[in-house]
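First comes the structure, then the notes that go with it.
The values are calculated or read from the model by the stated rules, or taken from the named source; none is laboratory data. Because the structure is a prediction, the values reported are computed rather than measured. Heavy atoms of the whole protein, side chains included, go into the accessibility calculation; ligands, DNA and RNA do not. Shrake-Rupley method; radii C 1.70, N 1.55, O 1.52, S 1.80 Å.
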Amino acid sequence: QVQLVESGGGLVQAGASLRLSCTASGLTFSNYAMGWFRQAPGKEREFVATINWNGAITVYADSVKGRFTISRDNAKKTAYLQMHSLNVEDTAVYYCAVRIMGTSSSHWTYDHWGQGTLVTASS
């Protein structure tokens with residue numbers, strides 16, 4: 001079955017950097033677009049970034065543009081989210097997801113999800 005496993009979350013000081021990873025199994029990874037989403041306590045899940053199957057197309061939420069970078073390595077079946085200049089508002093559980101079609105910022109259009117990894121930025 002399809003499995004997505006996120007890693008790399010943790011507790012950091014505001015201004016620090018983290019890199020999240022999402023490793024996939026049970027699917028032909030290069031056939032799928034990838035997305036990163038996050039959900040803070042008491043808030044709805046929100047779009048962070050998405051990347052198409054070969055990395056040629058990336059889209060970011062305005063709140064992370066210029067600070068976060070999404071990338072992928074199809075040979076390793078892994079996607080990444082490099083996060084710089086983290087602030088308290090970035091604190092959330094971060095989820096990766098895949099969809100067979102192209103990029104999308106709509107979480108309901110994704111087919112499979114990971115379990116999430118917690119990122120906490122403290123002031």
Among ILE51, ILE100, ILE70, whose mean-square fluctuation peaks in a Gaussian network model of the chain (Cα, cutoff 10 Å)?
ILE100
Along its three principal axes, how long is the stretch 1-57 when you only count alpha carbons? Whole Å, largest extent first please.
36, 24, 24
Among LEU86, LEU20, LEU11: highest mean-square fluctuation, GNM of the chain, C-alpha pairs under 10 Å:
LEU11
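With every protein chain kept in place and ligands, DNA and RNA left out, what is the accessible area per residue of the chain? Probe 1.4 Å, answer in Å².
Numbers: 6140 Å² over 123 residues.
On a per-residue basis, the chain sits at 50 Å².
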Over 27 Å [Cα-Cα, the chain], rounded percent
10 percent
Given the Cα-Cα distance of THR28 and VAL5 and 0.36 nm per residue of separation, how much length would full extension add, in nm?
6.7 nm
Would you kindly state how much longer the chain becomes between THR109 and SER71 on full extension, computed as 0.36 nm times their sequence separation minus their alpha carbon distance, in nm to one decimal?
11.7 nm
Return the percentage of antiparallel bridges among DSSP beta bridges fully within the chain, rounded to the nearest 5 %.
90 percent
